[in-house]
Amino acid sequence: MSTTRLLLAELRHRTLNVVASLLALVAAATLFVAGPTILDGYQHESAQRLEAMQAETAEALARMHEETNNELLAMQKKADQDLAELNLRTQRIMRDLGFNLRIVHRDTDLNQLYASFVSLDMPEEYVKRLADNPQITKIAHLVASLRQMVQWESQSRLLVGFAPEAVQAHAEKKTPMGLQIDPGTVYLGAVAGEKHTVGETVEILGQRFTVGRILPPNGTAEEDIAICMHLADAQKVLNKPGKISEILALGCKCKTVNRVEEIKEQLEAVLPEAQVMEMRLQAIARQDQRSLVEQHYAQTLGDYKANRAKIAEQEMNRRQEVIDRERAHRAEVLAMLSSVNTVVVPLVVFVSALWVGLLAFSNVRERRYEIGLLRALGKNSRSIAALFLGKAALLGLAGGLAGCLLGYALARWLALGVLNATAVHFAPSTLITLCTIAGTPLVAAIASYLPTLAAVGQDPAVVLVDN
């Protein structure tokens, strides 16, 4: 009978021994496949998951920064619009508040000017000289004025004449400032006009005028006791033709740091005979108001930016904590899987090989008489060795194939059911498959090597005599 037929008969009639050996080899091959597959797959799964979390965090922070920048741009645009509107409203308010510059003769005694409204007269053509000179860029709304204290209705009154605003051809055209009084008409201050009504005729220094308006109380003697009229009428009643007391103006560059000095430089270059005084509260009102609003918007934008930066930092820290916890958890799982792969799998392979070897010894002992007969029939040692090693190799090949299938199935099941991972990283490995299919028969053959030597070394005469 050929060795192959003897091998098939052995597999057929010694089922328990075959099944026990095969199960041991399948177990070893299964763990040999599942261990590295799970470890390698989980490493790739962990790396990809952590990268995805990092990318998600970066994307979320980028969206937050983009939203913050868009909000800041919108807020800045709104602030610019509000500031432009505020600037326009402030200009109108300042126009209504009045002039903030007084240009008087260079030799005017300021004590007399402030105490009694007395100033040296100037030629009316001074205002035209200023208006026509293109060097005058920091002064606007030039209005010539003549003022003098007079007695009217047994009371001291300040008679003021206003000329129409001088046109500056080189400057942007703006709404005129000051009182626009028609000739033959007077506007009376609140105190001066308390006994008069609009429309009545009054006599002032021998000239008759119509009351065009009673001005509301202002709280200053300069305006509440004033009798306001057209400049030509004032020059006539005061007998000062072609004369003015001062030029009222508005310093239009309120954001200039040294605005008064710059205005003085321009004025001295064009009209050295005059001096300029600033009514400071009115001059800086526009600048201070705008500065306060600018500071408010800057503070609001800064607070919003800082708050958003704080929220972004908190969000980044929160997400980083989640990523760190996930990394630590996966590191623990990987350490456990690595321990299983480096300790348990070799141990199982060793135990399985030992078990196969013990079963082979048992098989040799049970077949002593059969081995003796085969040797008596002419089977040499090589044939006897081929019988036992061939059985081991065949069982190893079957165990390796079955172990590959079960190992990959076990790896996928653990990945999906226990590790909550995706199956894509736990695909079969060609290298592991080849090593398992080639290595399992080799392990089985090595485990059966000593029992095979024992079978080959038996003396057939002794075996047959003993039986």
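The values are calculated or read from the model by the stated rules, or taken from the named source; none is laboratory data. Nothing here was measured: the structure is a model prediction, and the numbers come from that model. We place every Cβ from the backbone using ideal geometry, glycine too, and count neighbours over all the protein chains shown.
The condition (being closer than 12 Å to Val356 by Cβ and either out of contact with any Asp or Glu (no Cβ under 9 Å at 6 or more places or on another chain) or touching a residue at least 12 places away in the same chain (Cβ under 8 Å) (or both)) is satisfied by just one residue among Ala421, Ala392, Ala427: Ala392.
When the criteria are applied in full, Ala232 meets the requirement of being out of contact with any Leu (no Cβ under 7 Å at 6 or more places or on another chain), on the phi < 0 side of the Ramachandran plot and either assigned to a helix (DSSP H, G or I) or touching a residue at least 40 places away in the same chain (Cβ under 8 Å) (or both). Of the helices (runs of 4 or more DSSP H) that lie entirely inside region 334-432, those containing 3 or more residues that are closer than 19 Å to His44 by Cβ and modelled with pLDDT under 85 span 381-417. Scan region 91-117 for residues that are at pLDDT below 85 and in a loop (DSSP other than H, G, I, E, B) and jot them down. Gly98, Phe99, Asn100, Phe117, listed by residue number. Of the residues Leu130, Leu146, Leu142, Leu159, the single one that is buried (at least 20 other Cβ atoms within 10 Å of the Cβ), in contact with a Cys (Cβ under 9 Å, 6 or more places away or on another chain) and modelled with pLDDT of 85 or more is Leu159.
Among the residues of region 155-187, just one is touching a Ser or Thr at 6+ places or on another chain (Cβ under 8 Å), assigned to a loop (DSSP other than H, G, I, E, B) and closer than 20 Å to Thr201 by Cα, namely Gly184.
Evaluate the following for Ala166: is it crowded, with 17+ Cβ neighbours inside 10 Å, touching a residue at least 40 places away in the same chain (Cβ under 8 Å) and of a type in the set (A, V, I, L, M, F, W, C)? Criteria not met by Ala166.
If you go through region 171-194 and keep only what is exposed (fewer than 12 other Cβ atoms within 10 Å of the Cβ) and either closer than 17 Å to Gln148 by Cα or in contact (Cβ under 8 Å) with a residue 60 or more places away in the chain (or both), you end up with just Thr175.
For region 162-190, the tally of residues that are at pLDDT 85 or above and of a type outside the set (Ser, Thr, Tyr) stands at 14.
Of the residues screened, Ala221 is not one that is more than 60 Å from the chain's Cα centre (by Cα) and in contact (Cβ under 8 Å) with a residue 24 or more places away in the chain. Residues that are part of a loop (DSSP other than H, G, I, E, B) and either outside the structural domain of Val202 (by TED's automatic domain parsing) or out of contact with any Ser or Thr (no Cβ under 7 Å at 6 or more places or on another chain) (or both) within region 235-250 comprise Leu238, Asn239, Lys240, Pro241, Gly242, listed in sequence order. Just one of the listed residues (Thr197, Thr201, Thr210) is surrounded by fewer than 15 Cβ atoms within 10 Å (Cβ to Cβ), free of Cβ contacts under 8 Å to residues at least 12 places away in the same chain, in the same structural domain as Tyr114 (by TED's automatic domain parsing) and more than 60 Å from the chain's Cα centre (by Cα), namely Thr201. In the condition set (1) hydrophobic (A, V, I, L, M, F, W, C); (2) at pLDDT below 85; (3) in a helix (DSSP H, G or I), Ala24 is compliant with all but (2).
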